[in-house]
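Everything below concerns the one structure shown next.
Every number in this text was worked out from the coordinates using simple rules, so none of it is lab data. Nothing here was measured: the structure is a model prediction, and the numbers come from that model. Cβ atoms come from the backbone with ideal geometry, glycine included; neighbour counts cover every protein chain shown.
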Amino acid sequence: MNTKNFKWRVIIIAAVTLLGLYGVFGPRHKPTKQDFTWAGIKANLRNNIKLGLDLKGGTHLVMRVKVEDALKRLCENNAAETLRIGKEKNLPVTNAMADVSGGNFRFKVETSDASKVQAIQDAIKEKVDISDWTVSASGNTIIYTYPTSAVKVFSEKAVDQALKIIDSRLNATGVIEPTLQRHGAAGSNQILLQMPGLQDPERIKGMLAGESKLELVHVVGPPSPSPIQKYNTKEEAMASLGGTVPPNRRVLPYKDEPTTSGQQQEDPNAPKVTYWVVVETPAVVDGEQLRDAQAVSRTQQDNDYQIAFSLKKDGADKFGAWTGQNINQYMGVVLNDEVKSIAYIKSQISDSGEISGSFTKQSAEDLALTLRSGALPAPIEYQEERTVGPSLGADSIRAGLYASVGGLLFVILFVGFYYRLSGLNAILALILNMLLTVAGLIVLGATLTLPGIAGIILTIGMAVDSNVLVFERIREELREGKNVTSSVWGGFDHAFITIIDTHITTIISSLFLFVFGTGPIRGFAVTLILGLVINLFTAIYVSRTIFMYVLGRKQKAESLSI
Amino acid sequence: MFQLFTKLDFDWLGNRKYFIMVSVVIMLAGLASAVVRQARPGGTEAFNLGVDFKGGTVLIVKFKTPPTAENLRTALSNAGVTDAIIQQSTSKPDEFLIKLPLEGPAATVEGADKAQVDAGRTKVKKALDTFGKEATTNTLAEDGNGAYKIIGTEAVGPIAGNELRKQAVAVTLLALVGILLYIAFRFKWTYGAGAVIAVFHDVLVTLGLFSIFQWEVNLTVVAALLTIVGFSVNDSIVIFDRIRENLKLRRRETLYDITNESVNQTMSRTVITGGLVFLSTLALVIWGGEVLRSFSIALLIGVVFGTYSTIAIASPIMVWWQQKVDAASVKPKPVTPTRTSTPRKTDRRSRVAKQT
């Protein structure tokens, strides 16, 4: 072996080892004396490794944006708007309704006069944005279909918007270092949220998914001074509409103090009763027009909080105009499809209002926050929730540590016993592999999960396999009577191609885990792939260099401890 | 020099019938277990699927003074949870796993989905409150008044569970195809087929044992299966590499003899590596904790059968198939593929020459 080559090898290995040591244990600040103490090293190690939620503790949430609900609403709104247009322009529109069966999103318009089909279409085109829809008309019906490509664009937009809204809500809650990102395959409409340290996600969950759909609506009924037109049951309310709810009306629940013989009791402690009221749809203004919302209280007592809101300019103009024309009519504040309060319009109101109801301070503040951040484009459902408490995480770290050290010891003992001094060579390579794998994790900024630790343990087994392959081959060559030097290099040369093949196949199967796996499983693939790639360096390059040293020491190597 | 095998001379291929029989018996047992469990009304399902795949809720609860499983069950059923699976941690007797299935078919109905992820948890909490207050501090020990603490939860909805299950099957199959292609590219497709059939066998045997013993199948088991795939193929490649090398050196011998000899030559490596990986996974089974239990068991089984299948399944299938292929390619002079048929040899030589 030529010595120059050997020198370079030693320099490269030393440099890589030092870099690895720095990567794992080194401080990420200007080194102080403290960094060379045991405690300092431990603290640095803890800072350097990014632990996954399963080790650190925290909450992992997968949610899905229910885009189909938003699409359904879009169809319904268009149908309602069509009816309104029909009335306004005196066109013979007999019915308009949403049809969302079988994964299709469309709305159907029926007319009594087939010759007016074109006129109706033109009228709709003028008022409703139907540029993305495909139209087909036959006989007395016109069908507007939202094509798949448009649904895709709509979904993408909805998920993006939901991400933004959730992000702004999250910021306001003060959750530390949350990770918020899209999740799953394209078209799954999923969002992943990880919140380290958080153990009881109920409040955050409620707040993030809070739909907070605010609407200011006209409550149908005779104007003040007649009392509010409310019904005791939903059926009664429906009956007042002739049994079916037309597209421009909605029947909503309304909780109020019970009325006894037409008189309103002024006892705030009396239990509230659910009534039903009929309101106009679409709303006069909705949450999109909201400028601000704040929790307020006059008495500062718990359970006595309201939400004061104000409207943006457009909304305020619209609202002002409407209230000006409807003095003495009843107006309702609807939150998430429930009427929160009803009042008659005394005078023109321009830009502010209040949601009353018995809110606690916390719930009023949460609600105000969700209102401020804007309405979600579609409802959100939780599909997966995993929480790990800090003690369980610590247990897992301990278990992983014991298992790795145990596995490493088993292997070291066996290799040392079976291969003697050459075993030492394998052990050195193995330990360097562990060090570099962890350093690699840190450099790549990858997270270490519990399955990730399992990946490291498995790497121990697979890494030593490379040494075994080489050593067994060397032994074979020795048995065949070759001299020590040519046996060693013969062993390496013969085993080389096998080692490459075995590594590539394992990396292939791990890559599938990495690409398609989620969360912790991905952590397993990352450490395994990293460990295997590094093993090519440690088990071949480093181990070979150590043999160079061993063989080079004696003038003529006659025996090898293997 | 301490050695396991110095001069091993065993006719592995000659005994292939017995090996394959053992494998078939184990696989049939697993299949029978799965079918019987699935078919028997009111019985358990084919696999003890974890919440990852089936949907449902798991809570890990730590008690200051652990109740008996029976007491816990009574408390739960009083709170309206009747179908919970209660499992005491084997290594930590003060910890219980409480598993709740999805709440009936209603869970899939629109609108019920938000409630179902939380409903189970709320009910369990109510039941646990009969044992005392939940600790409000980070750990149970810090709170003097706390009687228990929910230290971990997992809840998976029906849609997510379904998706994860589909994904798991797809990933495993894709990995197998990837490996088949790689081996076909590096060796011949008959080698690839032998290795992939052996790996498929390992996956089936492992799953069969999981069905027989009703160990939980969850996402980490899929990771374990894919690792087994990689590991078992490793073994096959080591032997195939040796076969290829020997074929070049000893052109007078048959594939049958060379395969036997190659298996024998690599036997000490096979046993040592298998043993070492076995030992390091054993460390995982012993110290890896409850969370990784299924994963470590799957790996342990996989290591054993992965090593076994390379010798017992991959090599015989490869030899059998390659002999068929060789016999077919010398059609004009049909020769029964016996151990010492000469025409095949010339044919193989040209093949090997092309390959190198």
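Per residue of segment A:303-309, what does 6.51 cos²θ - 1.76 cosθ + 1.60 with θ = phi - 60° give for ³J(HN,Hα)? Whole Hz please, x for Gly and Pro, Karplus curve as stated.
With coefficients 6.51, -1.76 and 1.60, one gets 6, 10, 10, 10, 10, 8, 10 Hz.
For A:Tyr275, A:Tyr231, what's the fewest-to-most ordering of other Cβ within 10 Å of each Cβ?
A:Tyr231, A:Tyr275
Could you state the angle between the C-alpha long axis of helix A:390-444 and the longest principal axis of the C-alpha atoms of chain A, as a value from 0 to 90 degrees rounded to the nearest 10?
That helix lies at roughly 20 degrees to the long axis.
Between the DSSP loop rule and a limit of at most 11 other Cβ atoms within 10 Å, which GluC sites (Glu not before Pro) in segment A:477-562 are left?
Here the GluC sites (Glu not before Pro) that fit, given the DSSP loop and packing criteria, are A:Glu480, A:Glu558.
List, in order, the whole-Hz ³J(HN,Hα) value for each residue of segment B:305-312 obtained from phi through the Karplus relation with A = 6.51, B = -1.76, C = 1.60 and θ = phi - 60°; use x for Gly and Pro.
Computed from phi, the couplings for segment B:305-312 are 6, x, 5, 5, 5, 4, 6, 7 Hz.
For A:Ser136 and A:Arg398, calculate 0.36 nm times their separation in residues minus their Cα-Cα distance, and state this gained length in nm to one decimal.
Between A:Ser136 and A:Arg398, full extension yields an extra 87.7 nm.
If you stretched the chain out fully between A:Val273 and A:Lys89, how much longer would it get, using 0.36 nm times the residue separation minus the C-alpha to C-alpha distance? Don't jump to the answer; show the numbers that get you there.
Details: separation 184, 0.36 × 184 = 66.24 nm, distance 4.12 nm.
So the extension gain works out to 62.1 nm.
Specify the angular offset, from 0 to 90 degrees and rounded to the nearest 10, of the alpha carbon long axis of helix B:267-287 from the longest principal axis of the alpha carbons in chain B.
Helix B:267-287 and the main axis of chain B meet at about 0 degrees.
For a label point 7 angstrom out from the Cα of A:Arg28 toward its Cβ, which stretches of segment A:443-476 have the backbone nitrogen within less than 18 Å?
Those under the cut-off are A:443-449.
Is there a pair in A:Lys66/A:Lys234; B:Lys62/B:Lys92; A:Lys87/A:Lys340; A:Lys116/A:Lys152; A:Lys205/A:Lys361 whose C-alpha atoms are over 21 Å apart, and which pairs would that be?
Checking Cα-Cα distances, A:Lys66/A:Lys234; A:Lys87/A:Lys340; A:Lys116/A:Lys152 exceed 21 Å.
Would you mind ranking A:Phe492, B:Phe240, A:Phe309, B:Phe185 by Cβ crowding within 10 Å, fewest neighbours first?
So the ranking, lowest neighbour count to highest, is B:Phe185, A:Phe492, A:Phe309, B:Phe240.
With 10 angstrom as the radius, rank A:Ser188, B:Ser262, B:Ser211 by how many other C-beta atoms surround their C-beta, starting from the fewest. Provide the component values of the computation, followed by the final result.
Details: A:Ser188 18, B:Ser262 22, B:Ser211 25.
Fewest-to-most Cβ neighbours within 10 Å comes out as A:Ser188, B:Ser262, B:Ser211.
Tell me, what HN-Hα J-couplings in whole Hz come from the Karplus equation 6.51 cos²θ - 1.76 cosθ + 1.60 at θ = phi - 60° for each residue of segment A:137-152, using x for Gly and Pro?
10, 8, x, 9, 10, 10, 10, 9, 10, 8, x, 3, 5, 5, 4, 4
Given a Förster distance of 56 angstrom, what is the FRET efficiency for A:Lys346 paired with B:Asn145, based on the Cβ-Cβ distance and rounded to 0.05?
The value I calculate is 0.55.
Ignore the peptide's own chain and count Cβ atoms of other chains within 10 Å of each Cβ in A:467-479; give me the average, rounded.
4
For segment A:67-150, what Kirkwood radius comes out of the mean inverse Cα-Cα distance, in Å?
12.7 Å
Which percentage, to the nearest 5, of the DSSP beta bridges contained in chain A is antiparallel? Working shown, then result.
Values: 73 of 76 bridges.
The antiparallel proportion sits near 95 percent.
Mind checking which of A:Ala293, A:Ser155, A:Met331 is farthest towards the positive end of chain A's charge dipole, using Cβ charges of +1 (Lys, Arg) and -1 (Asp, Glu) about the Cα centre?
A:Ser155
With Cβ to Cβ distances under 10 Å as the rule, what net charge do the other residues near A:Ala316 carry (K, R +1; D, E -1)?
+1
In nm, to one decimal, how far is the modelled label at B:Lys248 from the one at B:Thr68, with both set 7 Å along Cα→Cβ?
7.0 nm
What translational diffusion coefficient, to the nearest whole µm²/s, does chain B have by Stokes-Einstein, given a Kirkwood radius computed over alpha-carbon pairs, a temperature of 10 °C and 1.306 mPa s viscosity?
In µm²/s, the coefficient is 67.
When you look at the Cβ of every residue in A:389-399, what mean number of other chain Cβ atoms sits within 10 Å?
Mean inter-chain Cβ contacts per residue within 10 Å come to 6.
Note the angle between two axes, namely the Cα long axis of helix B:342-355 and the longest principal axis of the Cα atoms of chain B, as a number of degrees from 0 to 90, rounded to the nearest 10.
60 degrees
Take the alpha carbon atoms of the protein assembly as shown, find their radius of gyration, then divide it by 2.2 N^0.38 Å using N residues; give the quotient. Don't jump to the answer; show the numbers that get you there.
Details: Rg = 35.3 Å, N = 918, 2.2 N^0.38 = 29.4 Å.
The reported ratio for this selection is 1.20.
Kindly state, to the nearest 0.05, the FRET efficiency for A:Ala172 paired with A:Glu280, given R0 = 35 Å and r defined as their beta-carbon distance.
It comes out at approximately 0.60.
With an 8 Å cut-off on Cα pairs and a minimum separation of 6 or more residues, tell me the relative contact order of chain A in percent.
Numbers: 946 pairs, mean separation 95.3, N = 562.
Relative CO of chain A lands at 17 percent.
Could you compute the FRET efficiency for A:Phe6 and A:Leu421, with r as their C-beta to C-beta distance and R0 at 22 Å, rounded to 0.05?
On the way: r = 19 Å, r/R0 = 0.86.
With R0 = 22 Å, the Cβ-Cβ based efficiency is 0.70.
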